[in-house]
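The values are calculated or read from the model by the stated rules, or taken from the named source; none is laboratory data. Being a predicted model, the structure only gives us computed values, none of them experimental. Neighbour counts run over all protein chains shown; Cβ positions are idealised from the backbone, glycine included. Please note that ligands, DNA and RNA were not included when accessible areas were found on the heavy atoms of the full protein model with its side chains. Shrake-Rupley method; radii C 1.70, N 1.55, O 1.52, S 1.80 Å.
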Amino acid sequence: MDRFLISDTSSVGERIIDLLEVRRYFNGIFLSNRYGVTKKNGLFNKAFGELGGNVNNYLVIGDSVESDYLVPRSLGARSLLIDRAGLHNGLDSIRTLEDIK
């Protein structure tokens with residue numbers, strides 16, 4: 001299974017990604033500071049366009065209701081919300097990444 005990181009971040013965040021060697025866990029990375037758009041304003045569109053294939057086959061996992069859950073769904077992707085506190089009943093959610101099966 002291919003994994004991609006799509007993140008709203010700055011050049012500082014990108015340096016942290018590099019320092020922590022996070023890139024090795026992903027097949028590709030799409031960062032807002034590189035593309036000039038945030039997840040809410042087109043980063044998912046850019047990533048999905050570059051990746052190609054059927055957007056219905058993508059699963060987005062993140063902790064922001066709007067950016068990581070609602071935006072991908074509006075584009076036709078599936079999404080899971082990381083809801084550590086269990087505050088968002090009715091949304092497809094998990095408590096931790098360990099809950100992914």
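The figures follow:
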read-out	value
Subset of the range 60-77 (residues that are aliphatic (A, V, I, L, M) and open to solvent by 80 Å² or more (accessible area, probe 1.4 Å))	70
Count - residues of the range 78-100 that are loosely packed, with under 10 Cβ neighbours inside 10 Å and either farther than 20 Å from residue 57 by Cα or touching a Gly at 6+ places or on another chain (Cβ under 7 Å) (or both)	6
Members of the range 9-41 that are open to solvent by 70 Å² or more (accessible area, probe 1.4 Å), in a loop (DSSP other than H, G, I, E, B) and in contact with a strand residue (DSSP E or B) (Cβ under 9 Å, 6 or more places away or on another chain)	27
Qualifying residue in the range 49-67 (condition: acidic (Asp, Glu) and under 22 Å from residue 100 (Cα atoms))	yes
Count - residues of the range 18-57 that are among the charged types (D, E, K, R) and within 18 Å of residue 73 (Cβ to Cβ)	3
